[in-house]
Amino acid sequence: MFKHWKRDIQAVLDRDPAARTPLEVVLCYPSFRAVRRHRRAHWLWTHDMKLLARLVSQRTRRLTGIEIHPGATIGEGLFIDHGTGVVIGETVELGDNVTLYQGVTLGGTGKDVGKRHPTLGNNVVVGSGAKVLGPFKVGDHSKIGAGAIVLKEVPPHCTVVGNPGRVVRMNDERVDIDLDQVNLPDPVKERIMALSARLDELERCVNCERRTQDAACSERAERIRILKEELENEDL
Ligand SMILES: CC(C)(COP(=O)(O)OP(=O)(O)OC[C@H]1O[C@@H](n2cnc3c(N)ncnc32)[C@H](O)[C@@H]1OP(=O)(O)O)[C@@H](O)C(=O)NCCC(=O)NCCS
């Protein structure tokens, strides 16, 4: 137990410049309290005392503003900065040294059954207000920007920002993608433009054909007129 405590306190001291002493962490940090209480709730959950486990987890929510389902599996060194509004779903799996800020949801989309919540690798950071929804993996050392909504797998060593979440950095290299979410392409308009261009082309072909036919007709008419004149002259 004390080994866990030491690791939890160190996680806060390492990652929050505002934390000054271990005593301050023990007395003032909701993350420390929530993680400790979650271990208790998780033990009850896995030893078939599910209702008791839920009661412990709900009381933790009231005390800290952090709701961790007792079924969630969390690694060592989890740090939840500020805490309020954090929700961690039943089938979430967290690696070691994960950092979550306030308002983070690790939840489901409502479409999956069984494993329906995300798995976060080691050293993942999830910014304030970010939502990670669905049963996919966020790779080791990846960062989810504040306010991002992530619905797809994130490879390791990536930074994801925006809604929907997009990878903007991979292995410390900038990924050049179009982040313009206002001027989005309109596929219906593009199709209509392509059809209109084809129609113009067809009209040009038809007009050309008609002109050729007109020219042939007038040539034939001219020949007939000449023949008529020749016949009239012969009669004379
Ligand atoms: C994403 C984050 C972790 C930075 O990761 P990083 O790998 O260092 O990424 P960068 O700072 O190089 O940013 C990469 C790009 O994403 C953009 N970006 C960064 N964070 C963003 C966010 N939250 N939303 C939208 N875009 C963001 C940057 O402007 C940059 O764009 P550019 O390349 O066009 O200039 C950080 O911005 C963040 O959101 N941290 C969360 C912190 C938090 O929640 N604090 C709460 C304290 S109470």
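The values are calculated or read from the model by the stated rules, or taken from the named source; none is laboratory data. Keep in mind that what you see is a predicted model, and the values were worked out from it rather than measured. Cβ atoms come from the backbone with ideal geometry, glycine included; neighbour counts cover every protein chain shown.
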Worksheet item: With GLY162, GLY107 as the choices, which residue is over 27 Å from GLY77 (Cβ atoms) and assigned by TED's automatic domain parsing to the domain that holds ASP81?
Response: GLY162
Discussion item. For the range 16-33, check the following and say yes or no: at least one residue is touching a strand residue (DSSP E or B) at 6+ places or on another chain (Cβ under 9 Å) and exposed (fewer than 14 other Cβ atoms within 10 Å of the Cβ).
Written reply: no
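I'd like to verify a number: residues in the range 50-91 that are of a type in the set (Val, Ile, Thr), closer than 16 Å to LEU133 by Cα and out of contact with any Asp or Glu (no Cβ under 8 Å at 6 or more places or on another chain), how many?
Adding up the residues that qualify gives 2.
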Discussion item. When you scan the range 80-88, do you find a residue that is outside any loop (DSSP other than H, G, I, E, B), within 13 Å of the ligand (Cβ to nearest atom) and under 20 Å from MET170 (Cβ atoms), even just one?
Written reply: no
Discussion item. List the helices (runs of 4 or more DSSP H) inside the range 1-77, counting only whole elements, that have at least 2 residues being within 33 Å of the chain's Cα centre (by Cα).
Written reply: 2-15, 30-46, 50-64
Discussion item. Taking the criterion of being in contact with a Lys or Arg (Cβ under 7 Å, 6 or more places away or on another chain) and near the ligand (Cβ under 9 Å from one of its atoms), would at least one residue in the range 104-114 satisfy it?
Written reply: no
Practice prompt. Looking at (1) within 16 Å of the ligand (Cβ to nearest atom); (2) among the small types (Gly, Ala, Ser); (3) exposed (fewer than 15 other Cβ atoms within 10 Å of the Cβ), find the lone condition where GLY139 falls short.
Written response: (3)
